[in-house]
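Visitor: I have a structure I would like to understand better, so I am pasting it below and will then ask my questions one at a time.
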Amino acid sequence: MAALIAENFRFLSLFFKSKDVMIFNGLVALGTVGSEELFSVVAFNCPCSPARNYIYGLAAIGVPALVLFLIGVIWNNHTWNLVAECHKRGTKNFSAAATFLLFGSIMGRASVAAITWSVISLLRGEAYICALSEFVKPSSLDKFPAEYGAEVLAKFPCRDVPANLTKFRDEVTRRLRYESQLFGWLLIGIVAVLVFLTKCLKHCCSPLSYRQEAYWAQYRSNEDKLFRRTAEVHSRILAAKNVKQFFGFVALDKEEKELVQEFPVEGVQPSPQWNAITGVYIYRENKGFPLYSRLHKWAKGVEGNGPTPEGHELLFLAS
């Protein structure tokens, strides 16, 4: 039982695994703030009509947040690594905790922009005021004329009200803006606490030392850069060879000619090799030596994903 608990806690290190992630999340948040400001200026226009205000106000907060969330899921490499893992190997190598926390990593990264949008919308207050103005109880307003009801209250966000209701409009707007900003600050506080607790658990439960984890992050970054750069050159040279075989010649610039001469490409990698280096990676050690990626494991000739007598696997996912 203790081993199972320790195994599951190690998966809590899914989030914020490097400073690059923090920088990326910050840039996403800043971009979302700018988008929300532009949306509020250009697109937001409360209908000021009973029954429509509520739908429009909630849609202005929720629909863009949903779109940003889905974009974040699509852009996350973990999403497609998980798809490849399930397609090629199934989920037999992952416990329920591993699967849950991997989804948590994807959702947490994707929610940065969505939460930022929701927070900024709540702090601004326009959408919240539009959505809930018609639900303010007239009895809560001192000396509110009895002949006016929800239909007039729904027009408060548009300032299209009789002169004798101006002070009530200001009071309703102020009250709803207070509620909206309160929810916005509470959301910020909740997210901040969750991030803090996650960071603490991540450092406490990590099976790696701080320096080794920093090295692993550097290795992953360098491997990804070199792999992408080499794949681009390899594919260009292979394409040049195939085009030349078809036409009898190929039009290359000086740089491409140098690449073709310097790096001879004899063929392509077979599909089993691509499958071996694609998918979700769990930090693994073999005979006491770390394997930092699927490519590293393939290069060392280590087969399989589960623990073996010669090696053991530490349940610690790469971000």
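Visitor: Along the Cα→Cβ direction, 7 angstrom out, place labels at F196 and Y210. What is the inter-label distance in nm?
Guide: Once both label points are built, they end up 1.9 nm from each other.
Visitor: Something else: Please calculate the 1.4 Å probe accessible area of F69, with all protein chains present, and give it to the nearest 10 Å².
Guide: In the full protein context, F69 sits at about 50 Å².
Visitor: Go through K225/K297; K257/K300; K202/K287; K241/K297 and tell me which ones have a Cα-Cα distance over 29 Å in this structure.
Guide: K257/K300; K241/K297, as the Cα separations exceed 29 Å there.
Visitor: Suppose every K and R has +1 on its Cβ and every D and E has -1 on its Cβ; what is the size of the dipole of the stretch 181-255 about the Cα centre, in Debye to the nearest 20?
Guide: The calculation lands at about 140 debye.
Visitor: Local charge sum around L238 (other residues, Cβ-Cβ under 14 Å, Lys/Arg +1, Asp/Glu -1)?
Guide: Net of charged neighbours comes to 0.
Visitor: Fully extended, how many nm does the chain gain between V83 and S271 (0.36 nm per residue separation, minus their Cα-Cα distance)?
Guide: Roughly 66.0 nm would be gained on extension.
Visitor: On the full set of protein chains, 1.4 Å probe, figure out the accessible area of Y283 and give it in Å² to the nearest 10.
Guide: Here the residue's solvent-accessible area equals roughly 0 Å².
Visitor: List the GluC sites (Glu not before Pro) within the stretch 182-273 that DSSP assigns to loop and that have no more than 13 neighbouring Cβ atoms inside 10 Å.
Guide: E266
Visitor: Starting at the first residue of the stretch 67-84, write each ³J(HN,Hα) from the Karplus equation 6.51 cos²θ - 1.76 cosθ + 1.60 with θ = phi - 60°, in whole Hz, x for Gly and Pro.
Guide: 4, 5, 5, 5, 4, x, 5, 5, 7, 7, 4, 4, 4, 7, 5, 5, 4, 5
Visitor: Using DSSP to call loops (not H, G, I, E or B), can you name the GluC sites (Glu not before Pro) in the stretch 113-159 whose Cβ has at most 10 other Cβ atoms within 10 angstrom?
Guide: Here the GluC sites (Glu not before Pro) that fit, given the DSSP loop and packing criteria, are E147.
Visitor: What are the ³J(HN,Hα) values, in whole Hz, obtained from phi via the Karplus relation 6.51 cos²θ - 1.76 cosθ + 1.60 with θ = phi - 60°, for each residue of the stretch 154-164 in sequence order, with x given for Gly and Pro?
Guide: Residue by residue, the stretch 154-164 yields 5, 8, 4, x, 8, 6, 8, 9, x, 4, 6 Hz.
Visitor: Follow-up question, since we're still on this one. Roughly how big is the stretch 210-300's charge dipole about its Cα centre, with Cβ charges of +1 (Lys, Arg) and -1 (Asp, Glu), in debye to the nearest 20?
Guide: That gives the stretch 210-300 a dipole magnitude of about 320 debye.
Visitor: Could you calculate the contour length gain from L182 to F246, that is, 0.36 nm times the residue separation minus the distance between their Cα atoms, to one decimal place in nm?
Guide: Length gained, L182 through F246: 16.3 nm.
Visitor: Continuing with the same structure: Computed FRET efficiency, Cβ-Cβ of R228 and H203, R0 30 Å: what is it to the nearest 0.05?
Guide: Computed FRET efficiency for R228 and H203: 0.50.
The values are calculated or read from the model by the stated rules, or taken from the named source; none is laboratory data. Keep in mind that this is a model prediction, so the values were computed, not measured. When we count neighbours, we look across all protein chains shown, and the Cβ atoms used for this are built from the backbone with ideal geometry, even at glycine. With ligands, DNA and RNA removed, areas are computed over all heavy atoms of the protein, side chains included. Shrake-Rupley method; radii C 1.70, N 1.55, O 1.52, S 1.80 Å.
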